[in-house]
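I have placed the structure first, in the form of structure tokens, so that the comments after it can refer back to it.
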Amino acid sequence: MRRKDREVTNIIEILQIIEKAKVLHLALFDADYPYIVPLHYGYEYKEGILIFYMHCAKEGHKLDLIRSNSNVCIEVESDVELISGGDVACKYGASFASVIGRGRAELTEDVQEKIRGLSLFMKNQTGREFNINEEMASTVEVIKVVISEFTAKSRSKA
């Protein structure tokens, strides 16, 4: 990381960034160009690993890309706000907090893991617990992204 003064290394602070952000940008390989899709997510942190869960329709381009190359990159950001530079364009900036990570995506087949992922999804998006059953889980595809390599950075407004 070039800007060490903005690096966030405290895992509690990193998890706070992930908790605040509600949209994850999932980058996939698509021949000559990257393919990036914004997705709502749920997550958990276990033994130094970030695990994200997203859901989608049972068919589509992103699923095809995951099946052909499961290597992915994710990005989330929160607390984005313009910092005024007044009348000097080059003095403008933004406050923000972000996490970027590399890992692997997989399509979850195990029904209990799909239910867990969807439950984490709903908890992160709404702050509420929901009872997800097998019938509900069977209607969607659940993408699990395991991130073992990640960095975070933040710039405060003050």
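The values are calculated or read from the model by the stated rules, or taken from the named source; none is laboratory data. Just so it is clear, the structure is predicted and the values come from calculations on it, not from any experiment. With ideal geometry, Cβ positions are generated from the backbone for all residues, glycine too; neighbour counts draw on all protein chains shown. Calculation scope for accessible area: heavy atoms of the full protein, side chains included, ligands and nucleic acids excluded. Shrake-Rupley method; radii C 1.70, N 1.55, O 1.52, S 1.80 Å.
Rg then Dmax, both in Å and based on the Cα atoms of the stretch 1-56: 13.8, 38.
Among the listed pairs Lys91/Lys144; Lys22/Lys58; Lys62/Lys153; Lys62/Lys123; Lys91/Lys153; Lys62/Lys91, a Cα-Cα separation exceeding 32 Å is found for Lys91/Lys144; Lys62/Lys91. Full extension of the segment from Asp5 to Ser95, taken as 0.36 nm per residue of separation minus the current Cα-Cα distance, would add 31.0 nm. Within the stretch 84-123, find all residues whose amide N lies under 11 Å from a label point positioned 7 Å from the Cα of Glu134 along Cα-to-beta-carbon. Answer for the stretch 84-123: 111-112. Roughly to the nearest percent, how much of the accessible area of the chain is carbon and sulfur, given a 1.4 Å probe? The value for the chain is 51 percent carbon and sulfur by accessible area.
Shown in residue order for the stretch 118-129 are the 3J(HN,Hα) couplings computed by the Karplus curve 6.51 cos²θ - 1.76 cosθ + 1.60 at θ = phi - 60°: 5, 5, 5, 4, 5, 5, 5, 7, 10, x, 10, 8 Hz (x for Gly and Pro). In a DSSP loop and with at most 11 other Cβ atoms within 10 Å, the GluC sites (Glu not before Pro) in the stretch 37-70 are Glu47, Glu59.
Note that the chain presents 60 Å² accessible area per residue, ligands and nucleic acids not counted, probe 1.4 Å.
Pick out, in residue order, every one of the trypsin sites (Lys or Arg not before Pro) in the stretch 75-158 that is DSSP loop and has at most 16 other C-beta atoms within 10 Å; say none if there are none. Taking the stretch 75-158 and a limit of 16 other Cβ atoms within 10 Å, the loop trypsin sites (Lys or Arg not before Pro) found are Arg128, Lys157.
What the phi angles of the stretch 40-48 give under the Karplus curve with 6.51, -1.76 and 1.60, with θ = phi - 60°, is a coupling list of 6, 8, x, 7, 8, 10, 9, 6, x Hz, glycine and proline written as x.
Checking (i) 0.99; (ii) 0.94; (iii) 1.14 against the coordinates, the calculated Cα Rg over 2.2 N^0.38 Å falls under label (iii).
The value of relative contact order for the stretch 49-125, using C-alpha pairs under 8 Å at least six residues apart, is 35 percent.
Karplus-based coupling profile of the stretch 12-28, in residue order and whole Hz: 5, 5, 5, 5, 5, 4, 5, 5, 6, 6, 10, 10, 10, 9, 9, 9, 10, with θ = phi - 60° in 6.51 cos²θ - 1.76 cosθ + 1.60 and x standing for Gly or Pro. Between Val37 and Ser156, the FRET efficiency from the beta-carbon distance, with R0 = 30 Å, is close to 0.55.
For Asp30, nonlocal amide neighbours, meaning residues 5 or more places apart or on other chains whose placed amide H falls under 5 Å from its own, are Tyr35.
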